[in-house]
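Please treat every number below as a calculation from the coordinates, not as lab data. Since this is a predicted model, take the numbers as computed values, not measurements. We place every Cβ from the backbone using ideal geometry, glycine too, and count neighbours over all the protein chains shown.
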Amino acid sequence: MTSKEQVTKAQRQILELLASYEEVIAALYTTFAKHLPDYKEFWQHLAKEEVGHAQLLRGLNKFLDRGFLFKDIGRFDIAEIQAKILEVNSLLQVVKSNSITAEDAIAIALKAESGILDGPFYKIVTSDAPEFRIIAKHLSDATERHANDVSDLFIALHPNSPKAKHHRRK
């Protein structure tokens, strides 16, 4: 196997793991929707978008098929991504079998949306593939929007919190 083939294979593996991470987050949000009926539509919407992110990440393979490579994708450690997926899967199992408060769901979602696997990926990784920048910006913007939406839900639940007061000053 040539070194380019090895790099391509490693990059495909990272993309697949990142897509799997998005899917496990989607499953977690779907579970939140089941446990928190007052916020069902909110969590279902986020879950649907996370599934879309996974599809977009898998779609990046077309660039590899055309001979393009991603720069700096190697900064994402395969073992670290796998560990995050296992962590969220474990959390998902706990949430499925126990009740959860809206506050706990918000805290978990904020951690997921600001984690190393979501936001930074789209700012770190680059490619000379022409469409990559558009896709990366879309994914980055969606991740930031999710974090803001979850923060807004917290503020709606706790309008007198210091975070809400700080938010109103902006």
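See the values below:
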quantity	calculated
Gain on full stretching of the segment that runs from residue 78 to residue 2 - 0.36 nm per residue minus C-alpha separation	25.3 nm
Degrees between helix 40-59 axis and first principal axis of the chain (Cα, 0 to 90, nearest 10)	10 degrees
Distant-in-sequence amide H partners of residue 127 (H built 1.01 Å from N, under 5 Å)	71
The chain: angle of helix 132-157 to the longest principal axis, Cα-based, in degrees nearest 10	10 degrees
Segment residue 103-residue 157, extension gain: residue separation times 0.36 nm, minus the distance between their alpha carbons	18.6 nm
Peptide ranges 65-76, 100-111 listed from the most packed, as the mean C-beta count within 10 angstrom indicates	100-111, 65-76
Between helix 102-113 and the chain: long-axis angle, C-alpha atoms, 0 to 90°, nearest 10	20 degrees
Rounded to whole Hz, the Karplus (6.51, -1.76, 1.60) HN-Hα couplings of region 69-85, x for glycine and proline	10, 9, 8, 6, 5, x, 6, 9, 7, 4, 5, 5, 5, 4, 5, 5, 4
As computed over the chain, the Cα convex hull volume per residue (Å³)	116 Å³
